[in-house]
Amino acid sequence: MELLDSFIFITLIKAAVVLAVLLTTLAYLQWVERKVIAHVQVRPGPYRVGPHGLLQPVADIVKLLTKEDLLPPYVNKPLYLLAPFLAISMALLSISVIPFGPEIKVGPVTTWMQLTDLNIGVLFILAVSSMGVYGIALAGWASNNKYALIGGLRSSAQMISYELPMSLAIAAPLLISNTLSLRELVMSQAGGIFHWNILHGPFPQIISFIIFMIAAFAETNRVPFDLPEAENELVAGFHTEYSSMKFASFFMAEYANMITVSAMATLLFLGGWMAPWPVAWGANLVPTVIFAIAGVTALYHGANPARKRDKLTLPVFGIIFLIIAGVFLLPIVQSWLLPLFWFAAKTGAILFLFMWVRATLPRFRYDQLMGFTWKFLFPVAMLNLLVTSFLVAWTTK
Amino acid sequence: MMNAVPISWFLTLSAILFALGVAGFLFRRNIITVFMSIELMLNAVNLSFVTFSYQHKEVSGHLFTFFVMVVAAAEAAVGLAIILTVFKGRSTLNIDDVNSMKH
Amino acid sequence: MDVILFLIFAVVAVVCAINVVVQTHPISSALSLVGVMGSLAVLYLLLGAEFIAAAQVIVYAGAIMVLFVFVIMLLNAGAETKKGRSYLIPGAPLLIVFLGLMAYYVQRYLFPESAVVRFGGFTGGGPKDIGNALFTTYLLPFEVTSILILVAIIGAVVLARKEIE
Amino acid sequence: MQLWLIPILPLAGFLINGIFGRRFSKSLVNTVAIGSVVLSFLWVLKTIFAMGDLNTSIEEHYFTWIQSGTIDIGCDFLVDRLTIVMLLVVTGIGSLIHVYSIGYMSHEGGYYRFFAYMNLFMFFMLVLVLGANFLLLFVGWEGVGLCSYLLIGFYFDKKFATDAGNKAFIVNRIGDFGFSLAMFYIFKNFGSLDFDKVFHQAASAPEWVLTTIGLLLMVGACGKSAQIPLYVWLPDAMAGPTPVSALIHAATMVTAGVYMTARSWVIFTHAPGAMDVIAIVGILTAFLAATIGLAQNDIKKVFAYSTVSQLGYMFVGIGSGAFSAGIYHLVTHAFFKALLFLGAGSVIHALSGEQDLRNMGGLRKKIPITFWTMVCAWVAISGVPPFSGFFSKDAILLAAYQHSPAIYWIGVVTAGMTAFYVSRAMFMTFFGSYRGKAHPHESPAVMWVPLAVLAALSLAGGWLFPIPAFLKAMFPAFEEAENHMLMYISVLAGFGGIGLAYLMYLRKPGMADSLAQTFKAPYQLIYNKYFVDEIYSATVVRPLIGGSRMVLWKGVDAGLIDGIVNGVGARCRDVGSVLRLLQSGNIRSYATWVLFGSVALLVAMGLLGGLPR
């Protein structure tokens, strides 16, 4: 019991759980993205490895691990090796302060679904994400390759520039919630969708949310701001010279950053793990309904004789979904599964937005990219912050 | 083993960092490195401020540190712009070559 | 625990600082300096300066040093050349005397061993406290600083424009 | 009461015209300039009606202007009967002259500039009149001086105009110096500059203090109101445009000295010595200026010396203790002298800039309106009853007789001379045959309507505005002895002057020249204005320039100061040539020195015990 109560032990357990889930998610996010883009482009996507390509991530990891780890002779070796490490560690570090759910009771232990809560949590995430520049900049420079260097320079300039509107956009909801702790931030948004910062009075933070999302796309070097790795100009940008696991590190860092900013958007604007309407109106039944519909749909399609290839997998999926729908009805797990569902649903929706945008939008030109943030995004964010602070000061006596 | 750090350790660390900054300023020839040595000295001083703040249980030291940071940011912006201009004009970063206002 | 933390990060800071001085390539120096700043941020946390620790990382490591790295990359600065006179002869002894005197005074006179730092011994360094002080007692310096920043921005723009011509 | 509106309106006009006037059309400039002054005049009227029986004065405090130690000076405005008289004169005649200027200035460059300056002048003049303490009065005093300088030098591309402006400015400085000293002395003795406080205490102050203050104030008044010995700037001031001469150098600004002394009557009534000095200076000025006026050929110069002479009359009135008579003459003089100047301006305008009397003549038929309006001024200034000049001049002369018969007799002679030179100017301008070349033409309505209004005022102003009765409550009672004999004598002197002029310039045109030949020496003396400018030049200006050049410049500045400075510089260079070796331009060597310095400081700290035990 003493062991279970000790702070370090619980933290270690939580860290292990979070890391395992996160890494799996990272691997499968890649699969999800390929599937989403494929479906946007009306093709099936990965389909060969495992049912519906579900084992594709495993295959990818195996491939990357077994590939030759090339070390070009002309690189600056210590920095070349340091860069991917920096990138991935900074990307994973921010997860430590993100709360996934409320305080829960697992057996005898009462703990928060969060690794640790800093009362400067938001600043911590900003700090860590600003350190993320180093990984990319150093990778570009240490490669001693002009494409890599240009990619690295572009990336660092872009990330520094977009950090400003991003910080301003973050500051506005903070004014409404009046805290820097991510946990308290979510607590302040309890009580339904109209208490979420995106719709909360005195000044709904819709503008702020949009700015945050645009800056987030740039911060993560995603389409339409993926100039650092614009393949038709820069081969592969800053990771041109990287291969094998080091290449995978950059890849994972990108996805981890995506998850971080999506989680941040959820926490800052969308009320974190809070349900959008009260339990009395059936909020607790939403996941059951969704999974039930998914399961029924899968079963229906599986029964369709035209889909020969799916005649086994789809019914299995359908049954699994129905089981999950049932699990959500169990009162024992509801206390922690429901918040987790809402958090994952919101974050997942934003992640889907990332993929959707990647599948549909073209790339900016570099000067447009810089002009956009300095001449439009930054002033708008500033104005939004001003209006928000005036209104907050007005309404709080 | 005692469970608290003497304040003088912090200040000594600050002095060591400051001395290293001075050393960098004196012994290095690259303008950028010299500039970074200045930043190192500023950081050392900041540590002292924060330590004093702890000693007096007063927030003022933090404020000074904050202002130092802000001024350092301004200084870096202007200083690096100057370095860029110098480099464009003279194609050198060696500080001993930059010893006259005119070129 | 506090002592261990202090020792770890003090050693990291000093090693990185020495690295700043001895590395011949500016980018290595810059990264070492980032290391110093990171360790200092941890020490700030130890001293109860949460906000300053975050600001240290965001402003110093995340902005100023990125700018340095950026410029080093832009100029593609190489390792420094050894020419011109060395200041080791007058500098090093002076420096040692300086450091020795400073350390001696600090240990001997200014802060006796009894004054100690414990984590959590001072909690007045949160964003709220800083904000309160910044917008009441230090309002004028704050405003002056913002003007300074504005001037610096304009100065940097002017200097950078010149080279385009 | 919103007294501040009165001066602020012209100031607003000045700002608008001064800043945007360059882009305005002439009619817009007119609207702004004249509108502001007329509104100001209307506000004065409104204020007067609002004040009711006018027996109590109004003081308004706006803000504390200077507060330092025991000095506490507010921006206060004061309105009493004296102020009302001045306000009406300033804004009323000011409005008329503004209207007149539309016509007169229509062909001149710098149109907006002229009106901007005029509005600025109105502002300062109104501040001068309204100010409730000496310092505020002084602000207006200096401000009108500035505007006078600007407007005299209005044609700044002509050297004589700028020189005249400089002269006016510099000569006025002497007077202002006296005024400043007077203010310092007042503050030292009474601890305040507010009129009511100062005058309240003045009655009980020792006489010599009041005499000193009175004489210093008199110096100030001499400068502004062109009295001996500081009158020399006024005739030259005619270099400015004629409306300026009428407004500033005849009707308003030059009477500021009279106003100031009348305002300070408490001080003067307790300082009989100062009163005597004022009376003597006044009568001497009146007489000397009148003699000079006899022989001038420039029409504006004649009227300028006439102005100096009439101002002398006003001071005679003040000096004799008849303050209300002085103010009375100030008002009537404002009417007829403004009219004379504007008429002269109309003549000059008609002749396209000709100012010499010898090139005029016979203009009676060609410009009849101007002629008839100027006739009104002529009879008024000559003291012909029952026109305005007669009443006020008579009041002054009566008072002077009670004070000292000698002053009275000189005054009578002066009155005769006044009638003579004005008649001379009139005859040479309008009668006889035309001697000039330009083609005369009558002035437009905007010019002759103000003339007509002023003519009416000149004729009727004397009994229309019984100033002495109006101001009776303000000033100490002055026993006006009914003495019809004296009145007849002065009237006779006036008619004598007119008759003599008629004889010399119309009946026997050669007589003037032959007289000038006969009395060559005196004629030359007055023709050359008693050589006062030359005397000043020889006794004051040249020694000053020479002294400055030889002693201050060559001796003190070049020798002593430059010697010291150059010596210091040379020694510094010697030291620097040694220290230069330290400045290698090498940053790292500097840094080493800084480090050396800090180590030295640390060592000193340890050795000298700067550390806590």
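Key figures for this structure:
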{"read-out": "Among (1) facing chain C (nearest Cβ under 7 Å); (2) farther than 16 Å from C:TYR60 by Cα; (3) within 10 Å of the chain's Cα centre (by Cα), the one test that B:ASN43 misses", "value": "(2)"}
{"read-out": "Residue check, A:LEU185 in contact with a helix residue (DSSP H, G or I) (Cβ under 7 Å, 6 or more places away or on another chain), surrounded by 20 or more Cβ atoms within 10 Å (Cβ to Cβ), part of a helix (DSSP H, G or I) and not hydroxyl-bearing (Ser, Thr, Tyr)", "value": "yes"}
{"read-out": "Some residue of the stretch D:422-444 being surrounded by 24 or more Cβ atoms within 10 Å (Cβ to Cβ), farther than 27 Å from D:HIS349 by Cα and of a type in the set (Val, Ile, Thr)", "value": "no"}
{"read-out": "Top-ranked residue in the stretch B:61-91 [being modelled with pLDDT of 85 or more and more than 7 Å from chain C (Cβ to nearest Cβ); ranked as nearest to C:GLY125 (Cα to Cα)]", "value": "B:GLY61"}
{"read-out": "Residue under evaluation A:ASN178, criteria (1) over 16 Å from A:TRP273 (Cα atoms); (2) surrounded by 17 or more Cβ atoms within 10 Å (Cβ to Cβ); (3) without any contact (Cβ under 8 Å) to a residue 24 or more places away in the chain, criterion not met", "value": "(2)"}
{"read-out": "Condition check for D:MET447: under 24 Å from D:ALA286 (Cα atoms) and either among the hydroxyl-bearing types (Ser, Thr, Tyr) or not in a loop (DSSP other than H, G, I, E, B) (or both)", "value": "no"}
{"read-out": "Matching residues in the stretch D:532-585 - criterion: being under 30 Å from D:LEU230 (Cα atoms) and β-branched (Val, Ile, Thr)", "value": "D:VAL532, D:ILE535, D:THR539, D:VAL540, D:VAL541, D:ILE545, D:VAL551"}
{"read-out": "So B:GLU75, is it of a type in the set (D, E, K, R) and under 16 Å from C:VAL34 (Cα atoms)", "value": "no"}
{"read-out": "Residue match in the stretch D:65-76 (condition: closer than 20 Å to D:MET122 by Cα, assigned to a strand (DSSP E or B) and not assigned by TED's automatic domain parsing to the domain that holds D:VAL446)", "value": "yes"}
{"read-out": "So A:ILE120, is it at pLDDT 80 or above, more than 14 Å from chain C (Cβ to nearest Cβ) and surrounded by 20 or more Cβ atoms within 10 Å (Cβ to Cβ)", "value": "no"}
{"read-out": "Index of the failed condition, A:TYR147 passing every other in (1) under 28 Å from C:ILE52 (Cα atoms); (2) assigned to a helix (DSSP H, G or I); (3) more than 10 Å from chain C (Cβ to nearest Cβ)", "value": "(1)"}
{"read-out": "Residue within the stretch A:330-353 that is β-branched (Val, Ile, Thr), more than 30 Å from A:ILE170 (Cα to Cα) and in a helix (DSSP H, G or I) present", "value": "yes"}
{"read-out": "Residue among B:PHE18, B:PHE66, B:PHE27 that alone is over 13 Å from the mean Cα position of the chain (by Cα) and within 27 Å of C:TYR138 (Cβ to Cβ)", "value": "B:PHE66"}
{"read-out": "Residue in the stretch D:469-479 that is touching a helix residue (DSSP H, G or I) at 6+ places or on another chain (Cβ under 8 Å), farther than 18 Å from D:LEU363 by Cα and assigned to a helix (DSSP H, G or I) present", "value": "yes"}
{"read-out": "Options C:ILE130, C:ILE154: the member that is more than 30 Å from D:SER589 (Cα to Cα), β-branched (Val, Ile, Thr) and either modelled with pLDDT under 80 or over 23 Å from the mean Cα position of the chain (by Cα) (or both)", "value": "C:ILE154"}
{"read-out": "Test: residue in the stretch D:228-241 that is touching a Ser or Thr at 6+ places or on another chain (Cβ under 6 Å) and assigned to a helix (DSSP H, G or I)", "value": "yes"}
{"read-out": "Lone qualifier among D:ALA395, D:ALA438, D:ALA445 - being in contact with a Pro (Cβ under 7 Å, 6 or more places away or on another chain) and not basic (Lys, Arg)", "value": "D:ALA395"}
{"read-out": "Hey, C:LEU31 within 12 Å of chain A (Cβ to nearest Cβ), of a type in the set (A, V, I, L, M) and surrounded by fewer than 21 Cβ atoms within 10 Å (Cβ to Cβ) or not", "value": "no"}
{"read-out": "Test for A:LEU115: is it in a loop (DSSP other than H, G, I, E, B) and either modelled with pLDDT under 80 or within 12 Å of chain C (Cβ to nearest Cβ) (or both)", "value": "yes"}
{"read-out": "Among (1) at pLDDT below 85; (2) within 21 Å of A:GLY140 (Cα to Cα) - the single one C:ARG85 does not satisfy", "value": "(2)"}
{"read-out": "Residue identified as modelled with pLDDT under 85, assigned to a helix (DSSP H, G or I) and of a type outside the set (D, E, K, R) among A:MET252, A:MET213, A:MET258", "value": "A:MET252"}
{"read-out": "Residue within the stretch D:458-467 that is touching a Cys at 6+ places or on another chain (Cβ under 6 Å), crowded, with 17+ Cβ neighbours inside 10 Å, of a type outside the set (Phe, Trp, Tyr) and part of a helix (DSSP H, G or I) present", "value": "yes"}
{"read-out": "Residue list for the stretch D:490-511, filter: among the hydrophobic types (A, V, I, L, M, F, W, C), surrounded by 18 or more Cβ atoms within 10 Å (Cβ to Cβ) and within 33 Å of the chain's Cα centre (by Cα)", "value": "D:VAL491, D:ALA493, D:ILE498, D:ALA501"}
{"read-out": "The listed residue being within 14 Å of another protein chain (Cβ to nearest Cβ) and small (Gly, Ala, Ser), out of D:GLY555, D:GLY510, D:GLY563, D:GLY606", "value": "D:GLY606"}
{"read-out": "Qualifying residue in the stretch D:372-393 (condition: among the charged types (D, E, K, R), surrounded by 22 or more Cβ atoms within 10 Å (Cβ to Cβ) and within 24 Å of the chain's Cα centre (by Cα))", "value": "yes"}
{"read-out": "Test: residue in the stretch B:12-24 that is facing chain C (nearest Cβ under 7 Å), assigned to a helix (DSSP H, G or I) and either touching a strand residue (DSSP E or B) at 6+ places or on another chain (Cβ under 7 Å) or surrounded by fewer than 20 Cβ atoms within 10 Å (Cβ to Cβ) (or both)", "value": "yes"}
{"read-out": "C:ALA54 being crowded, with 17+ Cβ neighbours inside 10 Å and within 14 Å of chain A (Cβ to nearest Cβ)", "value": "yes"}
{"read-out": "Condition broken by D:TYR149, with the remaining ones in (1) crowded, with 21+ Cβ neighbours inside 10 Å; (2) in contact (Cβ under 8 Å) with a residue 40 or more places away in the chain satisfied", "value": "(2)"}
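Residue-wise test of (1) within 12 Å of chain C (Cβ to nearest Cβ); (2) at pLDDT 85 or above; (3) over 22 Å from A:THR266 (Cβ atoms).
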site	(1), (2), (3)
A:SER156	yes, no, yes
A:ILE160	yes, no, yes
A:ALA171	yes, yes, no
A:SER208	no, yes, no
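The values are calculated or read from the model by the stated rules, or taken from the named source; none is laboratory data. Bear in mind the structure is a predicted one, so any value in this text is a computation, not a measurement. Cβ: placed from backbone, ideal geometry, glycine included. Neighbour counts: every protein chain shown.
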